[in-house]
C-alpha cells in the first residue's frame, strides 16, 4: 500500500481518530519528536494519507482583530467523508472587503468558531466566497445529486473559503451544473456569488425597468458597480455612473473611459454630481426620461445629491456605506416625491432564496460565456501547498490598505 510523507503535526492531531495498529505504527515511527512544530507557516511537503485522510491548510483566526495580527496558516487533516459529507478542494477564493470586516468583527454575518480543525480552542476560517471541486463524497451526498468533480459555491457566508480543502454537506453549498460551468474559469465561478448577484437582484427586485429606462449609481468602479453597468447594458438599460474624483485627472479620465467601454452611458465624479446645475445636465443626458432607481454604496452628501435626480415614486437602494457617513434624507423626498428607500444585503437574500441564487448565478455565468459580462479586474494570489502563511497574509493586508488595482483572488495550485 502506497503512502506519501505526512507532516508529523497532522498525524498527531488525528491519532484519536485512527484505530488501526498499522496506522499507529506509521504515526509513531515516521518522524522523531524533535521534528514536531507548531509553526504552520513553515514549508511542508504536500501529504495525502493512504487511509483517506486529506491534508488541508487554512487561514484562520482565534478572535476578532486586525487581519495581520490575528490570521495564521493552520494545517489539519480531514477525515474520509461518509453519509452526507463531501470533501472539497478549493479552486479560487476572492478577498472581499466584507471578509476583512468579518475578521475585524464589524460585519453582520459571523464566522463559525470551532474546534473541529484539531485545535484546543475554537478558531474560524476566513473568507466567504469561492468555488471548490468535490474530490470525494459519502453515499447520502451522492444520492442528493452530487458527484466527484462537481463545482460548488457556498450557500451562505461564514463557511470559510480561504483554505485548500474543507469538509461540507449539501446544505453548505450550491451546485453548479455541468452546463453552467462549461467554458467558465475558476476565477469567474469563484467571484460570481457576491458582487454580480448583488447588482443583478438590485436591478431586478425593486422596480420593473424596461428597455431604455435609466438608473443611477455611485461607487460605479466597484465590483458591484461594474456588474450593474454590464448587466444593465445586456438588458437594454442605460446608466449614469458616479465615481470618486481623482487628483490625477489623467487617471480620472482613464477610469471614465474604462467604464464607458464596458457599457456605461454617462460617467461623472462626485464633485460633478454635487455641482450646481447637475439636474439640468441629467435631463439633457436622459432626454427628460425619469430615473426610477438609484444604487448607493457610498452614503453621505454625495448619496443625498444622487437621490435628488430621482423621479417621484422612485426607489433608492443602499447596499454599502463606503464613506462611513450617514445617509441624510430630506423630508420633502419622503412627503412630496414619495421616494422609497431600501436596504439590501445579498447574504440575507441568498439565505432566503437558495434556488433563486442558483438561477441568478447561472444566468450571470451564461452572460459571461456569451461575452456579455466581463470579469472584474483581478490580481491572482497563487496558493500552493508550500506557500508560506506570511505571504498570504501580506496579500490580505494589501486589500485592507488598498494597494491593488484589481480584486485579490486566491488561486489554488498544487494543494
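The values are calculated or read from the model by the stated rules, or taken from the named source; none is laboratory data. What you are looking at is a predicted structure, and each value in this text was computed from that prediction instead of being measured. Quick reminder, even Gly has a Cβ in these numbers, built from the backbone with ideal geometry, and neighbours come from all protein chains shown.
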Next on the checklist: When you check residue 318 against the structure, is it surrounded by 17 or more Cβ atoms within 10 Å (Cβ to Cβ), under 24 Å from residue 107 (Cα atoms) and assigned by TED's automatic domain parsing to the domain that holds residue 199, yes or no?
Outcome noted: yes
Checklist entry - Hey, does segment 268-278 have a residue that's part of a loop (DSSP other than H, G, I, E, B) and either under 24 Å from residue 194 (Cα atoms) or in contact (Cβ under 8 Å) with a residue 60 or more places away in the chain (or both)? => result no
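Per-residue answers, yes or no, for (1) at positive phi; (2) touching a residue at least 60 places away in the same chain (Cβ under 8 Å); (3) outside any loop (DSSP other than H, G, I, E, B); (4) exposed (fewer than 15 other Cβ atoms within 10 Å of the Cβ):
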| residue | (1), (2), (3), (4) |
| --- | --- |
| 312 | no, no, no, yes |
| 322 | no, yes, no, no |
| 328 | no, no, no, yes |
| 365 | no, yes, yes, no |
| 371 | yes, no, no, yes |
| 382 | no, no, yes, yes |
| 385 | no, yes, no, no |
| 390 | no, yes, yes, yes |
| 399 | no, yes, yes, no |
Item to check | Residue among 171, 177, 247 that is free of Cβ contacts under 8 Å to residues at least 40 places away in the same chain, surrounded by fewer than 20 Cβ atoms within 10 Å (Cβ to Cβ) and assigned by TED's automatic domain parsing to the domain that holds residue 93 | outcome: 171
Item to check | Residues satisfying the stated conditions in segment 157-168, i.e. touching a helix residue (DSSP H, G or I) at 6+ places or on another chain (Cβ under 7 Å) and either more than 19 Å from residue 361 (Cα to Cα) or surrounded by fewer than 18 Cβ atoms within 10 Å (Cβ to Cβ) (or both) | outcome: none
Checklist entry - Of the residues that make up segment 107-116, is at least one surrounded by 15 or more Cβ atoms within 10 Å (Cβ to Cβ) and part of a helix (DSSP H, G or I)? => result no
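How many residues are part of a loop (DSSP other than H, G, I, E, B), over 14 Å from residue 273 (Cβ atoms) and at pLDDT 95 or above when one looks only at segment 212-245?
Residues in segment 212-245 being part of a loop (DSSP other than H, G, I, E, B), over 14 Å from residue 273 (Cβ atoms) and at pLDDT 95 or above: 5 in total.
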